[in-house]
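Some notes on the structure that comes next.
The values are calculated or read from the model by the stated rules, or taken from the named source; none is laboratory data. Just so it is clear, the model here is predicted, and its values are computed rather than measured. Please note: Cβ atoms are built from the backbone with ideal geometry, for glycine as well, and neighbour counts cover all protein chains shown. Accessible surface is based on the protein model in full, side chains and every heavy atom, while ligands, DNA and RNA are left aside. Shrake-Rupley method; radii C 1.70, N 1.55, O 1.52, S 1.80 Å.
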Amino acid sequence: MIASWVFGLVWKRVSDEDGTPQPLSDDYSTREVLLAATIQGAVFGLIKTAVDRYGMKGVRRFLDAPARRAEV
């Protein structure tokens, strides 16, 4: 949900359009659709990683467990 909202904001700045291109839409070029998909994937990956990372840190802090690191 957050990723969709952020993607919408980013796309609006990149393209100066309110709507995002749909994969099967004839209103956009293939280049625009592929660029939108790339940006959407990057935004989703970034937000998912941030949520997972900070969630893990919150659980560790809650459980008061020290971070375990693999010895090399």
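A few remarks follow.
- Acute angle (nearest 10 degrees) that the helix 2-15 long axis makes with the longest principal axis of the chain, alpha-carbon atoms: 40 degrees
- Accessible carbon and sulfur surface of the chain relative to its total accessible area, %, 1.4 Å: 59 percent
- Over the chain, dividing the summed -39,500 (n - 2.57) contributions of all DSSP H runs of at least 4 residues by the number of residues returns a 222 nm mean residue ellipticity of -23500 deg cm²/dmol.
- Heavy atoms of Leu46 accessible to a 1.4 Å probe, total area in Å² rounded to 10: 120 Å²
- In order through the range 24-34: 3J(HN,Hα) via Karplus (6.51 cos²θ - 1.76 cosθ + 1.60), integer Hz, x for Gly, Pro: 9, 6, 7, 6, 10, 6, 4, 4, 5, 5, 5
- As a length-normalised measure over Cα pairs under 8 Å and 6 or more apart, the relative contact order of the chain settles at 29 percent.
- When exposed loop sites are taken as trypsin sites (Lys or Arg not before Pro) in a DSSP loop with at most 15 other Cβ atoms within 10 Å, the longest stretch of the chain clear of them is 1-67.
- Highest GNM mean-square fluctuation among Val59, Val51, Val43, for the chain modelled with Cα contacts below 10 Å: Val59.
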